[in-house]
1. Inside the stretch 179-208, can you point out the residues that are touching a strand residue (DSSP E or B) at 6+ places or on another chain (Cβ under 7 Å) and not in a helix (DSSP H, G or I)?
2. Please tell me if Ala136 is touching a Ser or Thr at 6+ places or on another chain (Cβ under 8 Å), at pLDDT below 95 and buried (at least 16 other Cβ atoms within 10 Å of the Cβ).
3. Can you pull out the residues in the stretch 144-178 that are part of a strand (DSSP E or B) and in contact with an Asp or Glu (Cβ under 7 Å, 6 or more places away or on another chain)?
4. Go through the residues of the stretch 197-217 one by one and say whether even a single one is closer than 27 Å to Val137 by Cα, surrounded by fewer than 15 Cβ atoms within 10 Å (Cβ to Cβ) and at pLDDT 95 or above.
5. Can you pull out every residue in the stretch 230-246 that is crowded, with 17+ Cβ neighbours inside 10 Å and either within 21 Å of Lys213 (Cα to Cα) or touching a Lys or Arg at 6+ places or on another chain (Cβ under 9 Å) (or both)?
6. Which ones in the stretch 107-120 are over 22 Å from the mean Cα position of the chain (by Cα), within 10 Å of Met155 (Cβ to Cβ) and not basic (Lys, Arg)?
7. Could you list, in sequence order, all residues of the stretch 264-279 that are among the aliphatic types (A, V, I, L, M), surrounded by 18 or more Cβ atoms within 10 Å (Cβ to Cβ) and within 35 Å of the chain's Cα centre (by Cα)?
8. Report yes if Glu313 is over 19 Å from Gly88 (Cβ atoms) and surrounded by fewer than 20 Cβ atoms within 10 Å (Cβ to Cβ), otherwise no.
Amino acid sequence: MQVKFFCPRPILQTITIFQGWAVSRHVRFSHWLGVLAMLALTGMPAYAVTFSAPMDNSVWRLEASVFECRLSHAIPNYGEAVFSHRAGERVSFYLDSWHRPMRKGRAEMTSEPPPWRIGAAVQELGSVPVSGGRQAVALQGPLPSSMLAQLYGGMQPTLHRLAWYDSKQPVAVELSPVNFQPVYQQYVGCLSQLLPVNFDQIQRSTVLFDTGKSQLRDDALETLTNIVIYVKADPTVSTIYIDGHTDNRGRRLANRELSKERAEAVRDYLQKRGLPTDMILLRFHGERYPVASNSTATNRARNRRVTIRLDKEESFDS
């Protein structure tokens, strides 16, 4: 953790206290004492508490699998910064810490040059929400990708917020670019190996059918192919439940038979693609369980369906 003394613009001198030692940047010791005295008279805080990894201990780690590429950075005395790219999703970012110094509200994120990049400009990346939970900052959308690009370019994404314990105390959390590039290259390689979908996306799937038909449509084939790819990669999936349905057009007995044919079409496709028969449980219900009223053509199209549900085997702690 660093404690950075600063003064308001246009005075640009900065004093850094690191591990109990004062280091003067661009000003004499006697000069910054005067600066601190001025800040004391104005009632402004004289320093920002900054959490960052020192150059000689900046560590980036990659945890790679076909399900997730997880890029993490240890921040001493704070916790961990994590970029998580799950299969089938965009990259997300969060700060994980039991020590939550930042006040709830909104923090400003900047991209700042490290000390050795003299002359590089600070860039504003935007305002982000800060919660009171363990993951005080959790980001989706384009900003995590922008942060990765800044790190790859040698910049420091930095969050600025006031402390929860003092409305005048600035707090900053920095991500160091030191040792980032080699691990980032491995991260990019991990992305190319990700599955097309994750479990949450296909745990419950639905494929639709044309009126009176049991043939699989092109959009159904895409869904079923993703299910096959995922199940082959995840040995914890134990059962696949297949349930066939129809709309209310036609006779009940005929609809029951049609729902069976639709369920069998899905089962046969999964089996032909290599999924074991003994993990598939097939059921058919005719028109008994509509998901929408059959009063309109749009709703009837929703009812002409087969649902596929994946179950994982239960795990018990030893």
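1. Asn179, Leu194, Asn198, Gln203, Arg204, Ser205, Thr206, Val207, Leu208
2. Values: touching a Ser or Thr at 6+ places or on another chain (Cβ under 8 Å): yes; at pLDDT below 95: yes; buried (at least 16 other Cβ atoms within 10 Å of the Cβ): yes.
Yes, satisfied.
3. Going residue by residue through the stretch 144-178, those that are part of a strand (DSSP E or B) are 156-163, 166-174.
Scanning the stretch 144-178 gives Gln156, Thr158, His160.
4. Here is the first cut: in the stretch 197-217, the ones closer than 27 Å to Val137 by Cα are 197-201.
When the remaining residues are screened for being surrounded by fewer than 15 Cβ atoms within 10 Å (Cβ to Cβ), the result is 200.
Checking which are at pLDDT 95 or above leaves us with 200.
Yes: one or more hits.
5. Step one: list which residues in the stretch 230-246 are crowded, with 17+ Cβ neighbours inside 10 Å, which gives 230-231, 237, 240, 242-246.
Selection gives Val237, Ile240, Ile242, Asp243, Gly244, His245, Thr246.
6. Applying the first criterion (over 22 Å from the mean Cα position of the chain (by Cα)) to the stretch 107-120 yields 112-120.
Checking the rest, the ones that are also within 10 Å of Met155 (Cβ to Cβ) come to 112-114, 117, 120.
Within the stretch 107-120, Glu112, Pro113, Pro114, Ala120 qualify.
7. Narrowing the stretch 264-279 to residues among the aliphatic types (A, V, I, L, M): 265-266, 270, 275, 279.
Those still in the list that are surrounded by 18 or more Cβ atoms within 10 Å (Cβ to Cβ) too: 265-266, 270, 275.
Answer for the stretch 264-279, where residues must be among the aliphatic types (A, V, I, L, M), surrounded by 18 or more Cβ atoms within 10 Å (Cβ to Cβ) and within 35 Å of the chain's Cα centre (by Cα): Val266, Leu270, Leu275.
8. On the way: over 19 Å from Gly88 (Cβ atoms): yes; surrounded by fewer than 20 Cβ atoms within 10 Å (Cβ to Cβ): yes.
For Glu313, the condition - over 19 Å from Gly88 (Cβ atoms) and surrounded by fewer than 20 Cβ atoms within 10 Å (Cβ to Cβ) - is met.
The values are calculated or read from the model by the stated rules, or taken from the named source; none is laboratory data. What you see is a predicted model, and the numbers here were worked out from it, not measured in a lab. Backbone-built Cβ (ideal geometry, glycine too); neighbour counts: all protein chains shown.
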